[in-house]
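Bear in mind that the values in this text are calculations on the coordinates, not laboratory data. Worth saying up front: this structure is predicted, and the values here are computed from it rather than measured. For neighbour counting, all protein chains shown are included, and Cβ atoms are generated from backbone atoms with ideal geometry for every residue, glycine included.
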């Protein structure tokens, strides 16, 4: 491996065993897991977002059963649970926008095994992780991100956005899909855009959803209705980018008409309760997840289509795997930035990430069109899955459970 960026400026400022760049759910869960597993480690999180920004995030995310087990093992799920809405059932339809009836081709449920996912407000998730990280002794550098770094055999020299300096034995980039640190490390990516954008908005409706999620496959892309507490739902609405830009810029009346065409009337009168926002969609996977004393985590390592709702859960898998690799190295008296520990993390996560990226890519290409031949093929396929309980259980397990080779945190076990 080549070193990231090297310079001759001497290190100065405070020193840490691990510094995490990015204070979202991935960065915070990683930092918390490291401190819980190896309290002797000095761990810091540099978050460019201002204090309290997370609590103003009105979006919500689907937390799968395995990720819920991880949050419980980290001691934060009890705080999050009151604001979470369990998803006990999911239906899948395939139709055109103008169709008056949307036949259900596939139904998922986990009766007796508990919900296969929960919808969790992002503010509640990040807030609980922040408080737990503070209590565990994680140093949080709020309002300042990492602007530059250089690495060598001895450690990482880090420059923060305010010009101050830190050193660390391991730097973790959890700074999002447009990761500045990934670029500084010279790690290339592979991927493509879909010409689609995901519109995210919260709606209120007259009738209760009873914990049911809905995935409507429409020609422009999936239209997902995800239950929130009360008579509210979170929408992830995929449209061609040009159409999405027009919709979020439209007046409230026009947006409401287009929303109703896709949402339907089964939950009564609906109303958008926040401002819709559109996010371009694509596939991006880093060609490497690690470098000398450097690791990518979460969206900095990968960004996938939301069609399977697995983006957040992939990030938690990264955090669990990296924490376990580093903690086990530390218990053996090894350097937290040890190359063997980082190589183990990369091997653990690369295949699963590429596999999930390809699955979401194929699903999006298969369902985001109005080709009559493909429509027949996919509807027959959905019907077969619905009529074969063992196959259906396999899909539910793949989406929600950890599996035997998963990191311990995702199985609800302490590191």
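Between residue 164 and residue 131, what FRET efficiency comes out of the Förster formula 1/(1 + (r/R0)^6) with R0 = 30 Å and r the beta carbon distance, rounded to 0.05?
Efficiency, from the Cβ-Cβ distance: 0.75.
Fewest first, what order do 77, 237 take by the number of other Cβ atoms within 10 Å?
The fewest-first ordering by Cβ neighbours comes to 77, 237.
Once you have the Cα-Cα distance between residue 207 and residue 139, take 0.36 nm times their residue separation minus that, and quote the gain in nm to one decimal.
20.0 nm
Under Stokes-Einstein, with the Kirkwood radius over Cα pairs standing in for Rh, what whole-number D in µm²/s applies to segment 299-415 at 10 °C and 1.306 mPa s?
My calculation gives 97 µm²/s for D.
Grab the Cα-Cα distance for residue 148 and residue 358, subtract it from 0.36 nm times how many residues apart they are, and report the gain in nm with one decimal.
Working it through step by step, the gained length comes to 72.4 nm.
Return the FRET efficiency for the residue pair residue 193, residue 413: r is the Cβ-Cβ distance, R0 is 41 Å, and the value is rounded to the nearest 0.05.
That pair, residue 193 with residue 413, gives E of 0.60.
Please work out whether segment 121-200 counts as rounded, prolate or oblate from its C-alpha gyration tensor, where a ≥ b ≥ c are the square roots of the eigenvalues and a/c under 1.5 means rounded, while otherwise a/b larger than b/c means prolate and anything else oblate?
Note, shape of segment 121-200 comes out oblate.
Taking every pair of alpha-carbon atoms in segment 189-232, give the share separated by more than 14 Å as a whole percent.
When all Cα pairs of segment 189-232 are counted, 60 percent exceed 14 Å.
Ranked highest first by average number of other Cβ atoms within 10 Å, how do 24-32, 158-166, 285-293 line up?
Descending packing order for the listed peptides: 24-32, 285-293, 158-166.
For the pair residue 265/residue 243, report the inter-label distance in nm, with labels modelled 7 Å from Cα in the Cβ direction.
2.2 nm
I want to check the label-to-label distance for residue 253 and residue 51. Put each point 7 Å from Cα in the C-beta direction and report it in nm to one decimal.
4.6 nm
Subtract the Cα-Cα distance of residue 272 and residue 72 from 0.36 nm times their separation in residues, and report this length gain in nm to one decimal.
That pair, residue 272 and residue 72, stretches by 68.8 nm at full extension.
No solvent, one uniform scatterer per C-alpha: report log10 I(q)/I(0) for segment 137-292 via the Debye equation at q = 0.12, 0.16, 0.17 1/Å, two decimals.
Taken in order of the listed q values, log10 I(q)/I(0) reads -0.73, -0.91, -0.95.
Would you order 16, 210, 265 from fewest to most other beta-carbon atoms within 10 Å of each residue's own beta-carbon?
210, 265, 16
Give the distance, in whole Å, between the Cα centre of segment 333-392 and the Cα centre of segment 192-223.
20 Å
Going 7 Å from the Cα of residue 370 in the Cα-to-Cβ direction, what parts of segment 245-270 have a backbone nitrogen less than 16 Å from that spot?
Those under the cut-off are 261-262.
I'd like the projected area of segment 85-167, averaged over all directions, using the convex hull of its alpha carbons. Report it in nm² with one decimal.
11.9 nm²
Just rank 172, 144, fewest to most, by other beta-carbon atoms within 10 angstrom.
Arranged by neighbour count, lowest to highest, 172, 144 become 144, 172.
From the gyration tensor of the Cα coordinates in segment 56-124, what semi-axes in whole Å does the equivalent ellipsoid have, largest first, with each one equal to sqrt(5λ)?
Semi-axes (√(5λ), whole Å): 29, 16, 8.
Considering all projection directions equally, how large on average is the shadow of the alpha-carbon convex hull of segment 9-135, in square nanometres?
12.3 nm²
Any chance you could give the angle, 0 to 90 degrees and rounded to 10, that helix 252-263 forms with the longest Cα principal axis of the chain?
Helix 252-263 sits at roughly 80 degrees to that axis.
Pairing the Cα long axis of helix 311-331 with the longest principal axis of the chain, what angle in degrees results, from 0 to 90 and rounded to the nearest 10?
That helix lies at roughly 20 degrees to the long axis.
For the pair residue 404 and residue 343, what calculated FRET efficiency results from E = 1/(1 + (r/R0)^6), where r is the Cβ-Cβ distance and R0 = 22 Å, to the nearest 0.05?
Rounded to the nearest 0.05, the efficiency is 0.55.
Given labels modelled 7 Å from the Cα in the Cβ direction, how far is it in nm from residue 384 to residue 104?
For the pair residue 384/residue 104, the computed spacing is 2.3 nm.
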